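Read the structure below first, then the notes.
The values are calculated or read from the model by the stated rules, or taken from the named source; none is laboratory data. Keep in mind the model is a prediction, meaning the values are calculated, not measured. Backbone-built Cβ (ideal geometry, glycine too); neighbour counts: all protein chains shown.
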Amino acid sequence: MSEKKAGDTSQRPAPPPTELPVGSAQPASDPLLLARDLILRPSGLDDQRLDRVFGEVLTHSVDFADLYFQLAHQESWSLEDGMVKDGSASIEQGVGVRALAGEKTGFAYSDEIVLPALTEASRAARAIAVHGGDRRVSAWRACTGHRLYLPADPAAALATADKVAWLERVDREARSIDPRVVHVTASVVAVHEVVLIATSDGELAADVRPLVRFNVSVLVEQDGRREQG
């Protein structure tokens, strides 16, 4: 995504974009491959290690189990009257384990996606089951769903300086529309969430959820009267 400055003053500058482009020039990636690269590989996990985790759950009379991995990166910027008011970035990750035995369901969670923590969570989830015969996980098979959007990371589409410059342009454009504008606040939030689900039936599926939220608030004043919108 690129940010373009307004040209000379002989013509009215084009209005600012209402949404952030998300790097359409970037090649689309397979969500499952992306989830493996971003979630499993950095944690040293692969299909064999997932088999070991399910083995911990299915050594008791558990009918079904699944793992829910989640990795979310969020970045936000806000400007107030042309000055950077706030900038932040965060990463959240974790894995949940669910085990079903008859009518009983056990849940466990770890915010560390590493084999020891995952194994411990699996043991906690299976604690709802009674002792019984062993089971084995089925052979892994990829499951694909309907793609609603490209799995591109919107936060990576622009450099930090370009994001701030884009919001500064929004501030200028808002003020140029009406001279009564006395205060402008603009903010943008970009989220890139990756989800990976593995089941004891051998299903392996992933989804990538990009999100961009853009907000502008202006305060206008005339004859001592102020309104905001």
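Observations on the model:
- Unique match (being surrounded by 14 or more Cβ atoms within 10 Å (Cβ to Cβ), at pLDDT 90 or above, in contact with a helix residue (DSSP H, G or I) (Cβ under 9 Å, 6 or more places away or on another chain) and among the small types (G, A, S)) among S110, S78, S43: S78
- Those strands (runs of 3 or more DSSP E) lying entirely in the range 26-132 with at least 2 residues touching a residue at least 60 places away in the same chain (Cβ under 8 Å): 64-80, 83-101
- Candidates in the range 212-226 are the residues that are of a type in the set (D, E, K, R) and modelled with pLDDT of 90 or more; of these, the one that is nearest to K85 (Cα to Cα) is R213.
- Annotation: of all residues in the range 133-163 being crowded, with 17+ Cβ neighbours inside 10 Å and not in a loop (DSSP other than H, G, I, E, B), the one that is modelled with the highest pLDDT is K163.
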